[in-house]
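To keep things clear, I will list the structure first and then write my remarks on it.
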Amino acid sequence: MISTQTNTISKTQAWILASRPRTLAAALVPVLVGTAIAVHDSKFQPLAALIALICALLIQIGTNFVNDLFDFLHGTDKKDRVGPLRVIASGLITKREMKIAIYATFGISFLFGLYLVHLGGVFILCIGIFSILAGIAYTAGPFPLAYNGLGDIAVFIFFGFVGTVGTYYVQAAEISAMAFWSSVPVGALITNILVVNNYRDREEDRSNGKKTLIVIFGERFGRLQYLFFMLVSYFIPFVVYYTFKKELFVFLPLLSLPLAIKLIRMIYTLRGRELNKTLELTAKLSALYGLLFAAGILL
């Protein structure tokens, strides 16, 4: 089935597949929420916001390229994997081509980021360097984060705090408490995408020596982790309302609650490839929540 599938995929389609378009909302949401807070505080700088978005997307794509390459080299991506098709394991893109793409993607993101360094100084330079290094170290290097139970923590920090607060900082030249608290649901719901992925792949990961938190602590832990991040995410609008912005619009993210409840039921009842739909909807939930949250802050 896979060979038939790969025979119909062009090189351009393969690169699009390698960038994992469905994951790119994870790069968009922190920038969107951080920018919404900047607008709310009359600190909005459109060029800075645009460059922050470009850098976030490039780092996310570069990280996806690194994952594709090093999951293959580690032997965790095989042709019969449960998850979506991977371009190196399926022979669509060579290892050499992917290495060139990794250098180019991270290099371009660094060049764009120099403008943000001009605005934010050493703080933003450190954030940019650590973001790129984290994207590489996620699956590469002597101590890959995703293989040693640290992937969830890295995703929460970089897609939550770093992405949201960093975006606000390059526009406002300061860190606000509202940006910090708003980064929590952003990071939590994006981390839940990884939780579903690791929950689905737990048996494969265990056999391949990939020690995710779910492999270490078990599938019950994975379900509780997913539930905990959901609960935290829908609690934060109340914190924002009572602490920073007493406008009912900040409760707009609650409109996505029915989807969240559906997803909790899915992770408690589905297994294997059935969870691919849960993964897709979890990514959509993080994007929907982010859009509603940003709109609520603006309104």
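The values are calculated or read from the model by the stated rules, or taken from the named source; none is laboratory data. Just so you know, these numbers come straight off a predicted model, no measurement behind them. All Cβ positions, glycine included, derive from the backbone under ideal geometry; neighbour counts span all protein chains shown.
Some values worked out for this structure:
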{"item": "Filter result for residue 284 (among the charged types (D, E, K, R), closer than 16 Å to residue 185 by Cα and either touching a strand residue (DSSP E or B) at 6+ places or on another chain (Cβ under 6 Å) or part of a helix (DSSP H, G or I) (or both))", "result": "yes"}
{"item": "For residue 61: the one exception among (1) within 25 Å of residue 191 (Cα to Cα); (2) surrounded by fewer than 17 Cβ atoms within 10 Å (Cβ to Cβ)", "result": "(2)"}
{"item": "Where a residue in segment 82-102 is within 11 Å of residue 65 (Cα to Cα) and its partner, wherever it lies, is aromatic (Phe, Trp, Tyr) and not in a loop (DSSP other than H, G, I, E, B), with Cβ under 6 Å and at least six apart", "result": "88/72; 98/65; 101/65; 102/65"}
{"item": "When residues of segment 173-228 are limited to those that are touching a residue at least 40 places away in the same chain (Cβ under 8 Å), surrounded by fewer than 21 Cβ atoms within 10 Å (Cβ to Cβ) and among the basic types (Lys, Arg), the one nearest to residue 155 (Cα to Cα)", "result": "211"}
{"item": "From the options 270, 255, 248, residue that is over 26 Å from residue 157 (Cβ atoms), buried (at least 16 other Cβ atoms within 10 Å of the Cβ) and without any contact (Cβ under 8 Å) to a residue 40 or more places away in the chain", "result": "270"}
{"item": "Condition broken by residue 206, with the remaining ones in (1) out of contact with any helix residue (DSSP H, G or I) (no Cβ under 6 Å at 6 or more places or on another chain); (2) farther than 30 Å from residue 49 by Cβ satisfied", "result": "(1)"}
{"item": "Which listed residue, of 25, 38, 56, is under 18 Å from the mean Cα position of the chain (by Cα) and either surrounded by 21 or more Cβ atoms within 10 Å (Cβ to Cβ) or under 16 Å from residue 109 (Cβ atoms) (or both)", "result": "56"}
{"item": "Selection count where residues are in a helix (DSSP H, G or I) and in contact (Cβ under 8 Å) with a residue 12 or more places away in the chain, scope segment 4-46", "result": "26"}
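Rundown of residues vs (1) loosely packed, with under 15 Cβ neighbours inside 10 Å; (2) in a helix (DSSP H, G or I); (3) modelled with pLDDT of 95 or more, yes/no style:
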site	(1), (2), (3)
65	no, yes, no
76	no, no, no
87	no, no, no
92	no, no, no
104	yes, yes, yes
107	yes, yes, yes
118	yes, yes, no
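So that you can scan it fast, the table gives a plain yes or no per residue for (1) touching a Phe, Trp or Tyr at 6+ places or on another chain (Cβ under 9 Å); (2) closer than 28 Å to residue 41 by Cβ; (3) part of a helix (DSSP H, G or I):
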{"residue": "191", "(1), (2), (3)": "yes, yes, yes"}
{"residue": "227", "(1), (2), (3)": "yes, no, yes"}
{"residue": "242", "(1), (2), (3)": "no, yes, yes"}
{"residue": "277", "(1), (2), (3)": "no, no, yes"}
{"residue": "289", "(1), (2), (3)": "yes, yes, yes"}
